[in-house]
Amino acid sequence: MPHYPGKLDQVFQALADPTRRAVLQRLSAGSASTLELARPFRMALPSFTQHLHMLEKTGLVRSRKSGRVRRYELAPQRLRVAEEWILDRRQLWERRLDQLDAYLLAMKEDANEK
């Protein structure tokens, strides 16, 4: 994690918004045009494209333009930064909980011996 702090913050900032999470969910089924992605949301297209720009700037999606149509696709490798950070936290807390469990069991055994 120390070599990814800015990237990690950007990924979590992008994932913090429900609209952007919904876009990522939709793109997990395959590429889509800007209009296809915007259709389910009740917002002006310029507002929606700001979400797409954020996702692209973060590296979670990539786009290509063909004629007048811009298509987006998921770029899941950037999610690995967040996944690694979450796994590190999980391992840390699992170790701490295991230590607490061992401590409590030892206390219980001590109490039973008295």
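In table form, for the structure just shown:
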quantity: The stretch 41-97: number of residues that are among the hydrophobic types (A, V, I, L, M, F, W, C), in contact (Cβ under 8 Å) with a residue 12 or more places away in the chain and within 21 Å of Gln10 (Cβ to Cβ); calculated: 12
quantity: Residue selected from the stretch 44-67 under the condition surrounded by 18 or more Cβ atoms within 10 Å (Cβ to Cβ) and not in a helix (DSSP H, G or I), by the criterion nearest to the chain's Cα centre (by Cα); calculated: Leu60
quantity: Count of the stretch 18-38 residues which are surrounded by 15 or more Cβ atoms within 10 Å (Cβ to Cβ), polar (S, T, N, Q) and part of a helix (DSSP H, G or I); calculated: 2
quantity: Single residue of the stretch 1-17 satisfying the filter (surrounded by fewer than 15 Cβ atoms within 10 Å (Cβ to Cβ) and among the small types (Gly, Ala, Ser)) that is modelled with the highest pLDDT; calculated: Ala16
quantity: Selection from the stretch 6-17 of residues that are of a type in the set (Gly, Ala, Ser) and not in a helix (DSSP H, G or I); calculated: Ala16
quantity: Among (1) outside any loop (DSSP other than H, G, I, E, B); (2) touching a Ser or Thr at 6+ places or on another chain (Cβ under 8 Å) - the single one Phe41 does not satisfy; calculated: (1)
quantity: All positions within the stretch 68-87 that are among the aliphatic types (A, V, I, L, M), under 15 Å from Ser28 (Cβ atoms) and not in a helix (DSSP H, G or I); calculated: Leu74, Ala75
quantity: Breaking point among (1) surrounded by 17 or more Cβ atoms within 10 Å (Cβ to Cβ); (2) part of a helix (DSSP H, G or I), for Arg90; calculated: (1)
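The values are calculated or read from the model by the stated rules, or taken from the named source; none is laboratory data. Everything quoted here is computed from the prediction, not taken from an experiment. Counting neighbours? That spans all protein chains shown, and the Cβs are built from the backbone with ideal geometry, glycine included.
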